[in-house]
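Here's the structure, in structure tokens; my notes come after.
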Amino acid sequence: METAAGVEACLPIRSDMDLVWVRQHVRQAAAQLGFGLVDQTKLVTAASELARNTLVHGGGGRMEAAHVVRGRVNGLRLAFADDGPGIPDLDRALTDGYTSGDGLGMGLGGARRLVHEFAIDSAPGAGTTVTVTSWAVRPPHPREVV
Amino acid sequence: MPEYGAAGQGGSPAREVGEFLLRRRERIAQRWADETLFRTVFTVSREEAVEAGRAVVEALAQVAGADRSADPEAPGFLVVRDQLARIGSARTRTGVTPSQVSNDVDALRPPTVDLLVADLPDAAPEAVREATNVLTVLMGTLRLVVMETALSEGQALIDRQRLQLMEVATPVIKLWDGIVAVPLIGTLDSARSQIVMETLLEAVVDQQARFAILDITGVPTVDSLVAQHLMKTVAAARLMGAECVVSGIRPAIAQTIVHLGLDLGTVVTRASLADALGYALRKLGTDIVTEASHGAGER
Ligand SMILES: Nc1ncnc2c1ncn2[C@@H]1O[C@H](COP(=O)(O)OP(=O)(O)OP(=O)(O)O)[C@@H](O)[C@H]1O
Ligand SMILES: [Mg+2]
């Protein structure tokens, strides 16, 4: 398996313009790791939600992207971190329709449904880190004999 | 004219070139002002071209005097870096290619060498050759510095254009009497979606449109914010008496919207712009036919 240069990165999330770069990077990295179009789109959309939360609710931060491997499958791990106010009630934050601002309140819960693995590390006053991982699962060869 | 000591005596060739540049800076700047690089950048005033040229010559003199003719990082260049960046980027902004700019800078060399040779009538051929070599290296370094600054300015330009692409005024196209369409391209952030909404509502009023088609084929990502913007636009158009149809939702985006949990609710969607137009025409057509048969009935 070739190493995926250009996947690992740490991108700042400080402005709307940065969100554009985040989406672009995730799309390129996912494509490079062999994600199909639908999975690329899902991961990019999840990244867009989480990066915007980092910017809007967390007051800015960064995204770290890493190439992970499990067995023979490539994965992309994205960590969105800020030093903002933190999330006091995780269950409530993950509830569809709950927003402390004027959003739809679909971002966090929606992002969780769009990725394979999802974890939040947050405490009031201690910032928030949301880490997601998705795997590029390629369909097996139809008649391959193992 | 002040005497700086006879050329070819004492000092290294680099020093001599530095002294020559200082001594002849006015002549050199005058000659440069007629060359493409300065002529095309300073179109308004030749005096400005000469002034800019003078500053660059002085910087070169300092670089040569410090014996750093081959060093683009020489401190002497610092003072003219901004100047050079402006010259280089002014050139590239008019659509001139980097290699053309490189040629433009290169074109400054021959007249300068001519002046140098003319300035050393009594020097030994060996000394002239050495001095010419130094000057040639120095002018090559100048070219490097200009290219470097112009290229980094070029990157800033690309970034700017990218930003502008996001801000491009969104055209509203009249597809039919009573049907307008907006092809959305790029990132639908809050600022842009505000513009889209305003131009669309204006068009709905101006054209007395009954249908407004929002085509999102060119929108790469539909997240909750984009969806929210779309729904607001649809609701606003409805208040103005127009029905909105969202077209161009690609399969991957449709699946993503479902997983995200977004409910486009009452928004009418169609796969393609053509489908959306067909939908609107049919609905308009029904009305037209009804009116026509009414008319026939009255006769
Ligand atoms: N990084 C964060 N820091 C602090 N609070 C957060 C963070 N991310 C999410 N939250 C909290 O969780 C709530 C739910 O987030 P979610 O993304 O689901 O909705 P939203 O951002 O309010 O609206 P949208 O649907 O537009 O994303 C937010 O309103 C906010 O209170
Ligand atoms: Mg959100």
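The values are calculated or read from the model by the stated rules, or taken from the named source; none is laboratory data. All values reported here derive from a predicted model rather than from experimental measurement. Note: ideal-geometry Cβ built from the backbone for every residue, glycine included; neighbour counts use all protein chains shown. Ligands, DNA and RNA are excluded from the accessible area calculation, which covers all protein heavy atoms including side chains. Shrake-Rupley method; radii C 1.70, N 1.55, O 1.52, S 1.80 Å.
Taking the condition in the same structural domain as B:Phe20 (by TED's automatic domain parsing), within 19 Å of B:Gly18 (Cα to Cα) and not in a helix (DSSP H, G or I), does B:Ala118 pass?
Spelling it out, it is not the case that B:Ala118 is in the same structural domain as B:Phe20 (by TED's automatic domain parsing), within 19 Å of B:Gly18 (Cα to Cα) and not in a helix (DSSP H, G or I).
Annotation note: of A:Arg52, A:Arg14, the sole residue that is under 15 Å from B:Leu260 (Cβ atoms) and either over 15 Å from the mean Cα position of the chain (by Cα) or within 16 Å of ligand 1 (Cβ to nearest atom) (or both) is A:Arg52. Are any residues in the range A:106-137 under 25 Å from A:Asp39 (Cβ atoms) and part of a loop (DSSP other than H, G, I, E, B), and if so, which ones? Matches in the range A:106-137: A:Met106, A:Val115, A:His116, A:Ala136, A:Val137.
For the range A:45-63, residues that are of a type outside the set (S, T, N, Q) and touching a Leu at 6+ places or on another chain (Cβ under 9 Å) total 10.
Residue-wise test of (1) within 14 Å of chain A (Cβ to nearest Cβ); (2) at pLDDT below 85; (3) touching a helix residue (DSSP H, G or I) at 6+ places or on another chain (Cβ under 7 Å).
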position: B:Asp177; (1), (2), (3): no, no, no
position: B:Ile185; (1), (2), (3): yes, yes, no
position: B:Ile216; (1), (2), (3): yes, no, no
position: B:Gln228; (1), (2), (3): yes, no, no
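Just one of (1) farther than 30 Å from A:Gln28 by Cβ; (2) away from ligand 1 (no atom under 16 Å from the Cβ); (3) within 12 Å of chain A (Cβ to nearest Cβ) fails for B:Leu239. It is (3).
Check the range A:45-56 and report whether any residue there is touching a residue at least 60 places away in the same chain (Cβ under 8 Å) and away from ligand 2 (no atom under 16 Å from the Cβ). Checked the range A:45-56: no residue is touching a residue at least 60 places away in the same chain (Cβ under 8 Å) and away from ligand 2 (no atom under 16 Å from the Cβ). Scanning the range A:81-118 for residues that are more than 6 Å from ligand 1 (Cβ to nearest atom) and within 17 Å of B:Thr221 (Cβ to Cβ) returns A:Gly110, A:Ala111, A:Arg113, A:Leu114, A:Val115.
So, in the range A:102-117, how many residues would count as being open to solvent by less than 50 Å² (accessible area, probe 1.4 Å) and away from every other protein chain (no Cβ under 11 Å)?
The qualifying residues number 0.
Yes or no: B:Ala74 open to solvent by 30 Å² or more (accessible area, probe 1.4 Å) and hydrophobic (A, V, I, L, M, F, W, C)? Before you say what the answer is, go through the steps one by one.
Working: open to solvent by 30 Å² or more (accessible area, probe 1.4 Å): no; hydrophobic (A, V, I, L, M, F, W, C): yes.
Criteria not met by B:Ala74.
Checked against (1) within 21 Å of the chain's Cα centre (by Cα); (2) under 29 Å from B:Ser12 (Cβ atoms); (3) surrounded by fewer than 16 Cβ atoms within 10 Å (Cβ to Cβ), B:Ala118 passes all but a single condition, namely (1).
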